[in-house]
Amino acid sequence: MTQKRRIPRLLQLALIVIGVYFSFVLVFDVALHQLIPKSLLTMYMLFVVAGVMMVFTFTEEGAQELVGPIKALVEDPSKKMVRNIVFVIVPLLAGYYTYTKMVPSFEAPMELRTIHPAPPGKFKAFGKSFNLTTLENPYRKFQKEDPAKFAELVKAGGNVYIQNCQYCHGDKLDGRGPYASGLNPTPLNFQDVGTIAQLQESFLFWRIATGGPGLPAEAAPWISSMPVWQNFLTEDEIWKVILFLYDYTGRSPRSWANE
């Protein structure tokens, strides 16, 4: 009576791991209609591999059968050619995998991102609540009432900008400051007609005061690296900076009343 040829333990291990991997993916994709997070899948697969290894090496005979092909590959002179190929391919694959995981990517994400996300109706800053639909720059009125004072306020805003903002947004407000090349996404170009020219001053106040962490979900996956400036500037300084931004670029702020 001929004895059935059993599948080698090492091949069994590989088949089980591959089968479990695709089972997890199918369960999440078909049954739950969502992609399984990579971190969760990695954790599951570590448990699976560890569990199968413990079962296969429970006995001395099983352990020998599992490591036998690996031991033969290393020690058997007749497998020199295969051994050399494996010892070249495996490090190359490991190096390529490490490289692809570590190399930074500057490509735009597949998901859609809103450059100017819809602001909240209300937000908190400086220990109080602001309503964006009614919030106005308290210094804007001096543009008509007292042009000389308005010019002083704009100059003060310019000083604040140079001390705090030009490193990213640039001396010319074109988004090309000395730190800009190290940021992704890059800082906004205020000279562009598609930026502050399309916004209300209250919108700028909200964005500057709350920074990147204050952005809503639709601004993801590229979250702004702008600091939470309410932690570094006063409320008055932010309003003066906003005056400077519009004055320098020659733009006029939009009004909620005209929307």
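The values are calculated or read from the model by the stated rules, or taken from the named source; none is laboratory data. All of these numbers come straight from a predicted model, not from anything done at the bench. Cβ: placed from backbone, ideal geometry, glycine included. Neighbour counts: every protein chain shown. The area values use the complete protein model at the heavy-atom level, side chains included, leaving out ligands, DNA and RNA. Shrake-Rupley method; radii C 1.70, N 1.55, O 1.52, S 1.80 Å.
If packing is taken as the mean number of other Cβ atoms within 10 Å per residue, what is the order of 230-241, 7-18, highest first?
230-241, 7-18
If all Cα-Cα distances of the range 122-258 are sorted into 5 Å bins from 0 onward, what percent lands in each bin, rounded to whole numbers?
That works out to 2, 10, 19, 25, 23, 14, 5, 1, 0, in percent per bin.
Can you tell me the order of 178-190, 199-211 when each peptide is scored by its average per-residue count of other Cβ atoms within 10 angstrom, highest first?
Peptide ranking by packing, descending: 199-211, 178-190.
With each pseudo-label sitting 7 Å past Cα toward Cβ, what's the Tyr99-Gln64 distance in nm, one decimal?
Each label point is offset 7 Å from its Cα along the Cβ direction, giving 4.3 nm.
Would you please name the chymotrypsin sites (Phe, Trp or Tyr not before Pro) within the range 126-169 that are DSSP coil residues with at most 13 other C-beta atoms within 10 Å of their C-beta?
Counting only loop positions with at most 13 other Cβ atoms within 10 Å, the chymotrypsin sites (Phe, Trp or Tyr not before Pro) in the range 126-169 are Phe126.
Considering every pair of different Cα atoms, what Kirkwood radius, in Å, is found for the range 9-102?
15.8
Extending each Cα 7 Å along its Cβ direction at Leu11 and Asn164, get the distance between those two points in nm, one decimal.
Each label point lies 7 Å from its Cα, and together they span 6.9 nm.
Can I get the semi-axes of the range 127-183's equivalent ellipsoid? Compute them from the C-alpha gyration tensor as square roots of 5 times the eigenvalues, in angstrom, largest first. Each step should come with its number before you reach the end.
Details: eigenvalues 144, 66, 17 Å².
Working through the eigenvalues yields semi-axes of 27, 18, 9 Å.
Give me the extension gain from Ile85 to Glu152: residue separation times 0.36 nm, minus the current Cα-Cα distance, reported in nm with one decimal.
Computed gain between Ile85 and Glu152 is 16.7 nm.
How large is the accessible surface per residue of the range 9-102, computed with a 1.4 Å probe and reported in Å² as a whole number?
Values: 7290 Å² over 94 residues.
For the range 9-102, the solvent-accessible area averages 78 Å² per residue.
Just in the range 117-187: which GluC sites (Glu not before Pro) are loop by DSSP and have at most 15 other Cβ atoms within 10 Å?
Within the range 117-187, the qualifying GluC sites (Glu not before Pro) (loop, at most 15 other Cβ atoms within 10 Å) are Glu136.
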